[in-house]
Amino acid sequence: MVRIYLSEGRDHYERLVNWLYADNRVQGVSVFRAIEGFGEDRKIRKSSLMDLSLELPVVVEFFDTPEIIAGVLEEVQAMVKVDHIVTWSAQSGI
């Protein structure tokens, strides 16, 4: 499993998702838009009726076999700050 933390307004997560989708690079991708969060600048950003922030946290998560992930991660690390990427082993429910 790989989880990448981005900012909706500053980072182009669609480009990353499209790249992961192309040529069947990984088995599945999900994008989650947070309702609140903060990053390196320690400024809290949140979604509310009064404040429609375009810099909300976005998480891109994808999975595949360890071999596929290892190859994909090399290129993803060139697109995204390395400290925004978290990985861990997961097992399918099958």
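Please treat every number below as a calculation from the coordinates, not as lab data. Quantities reported herein were computed from a predicted structural model and do not represent experimental measurements.
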Looking at 41, 11, which one is more than 12 Å from the chain's Cα centre (by Cα) and acidic (Asp, Glu)? 41
Scanning the stretch 9-29 residue by residue, those under 20 Å from residue 78 (Cα atoms) and among the polar types (S, T, N, Q) turn out to be 18, 24
Filter result (among the polar types (S, T, N, Q) and closer than 13 Å to residue 58 by Cα) within the stretch 15-36: 30
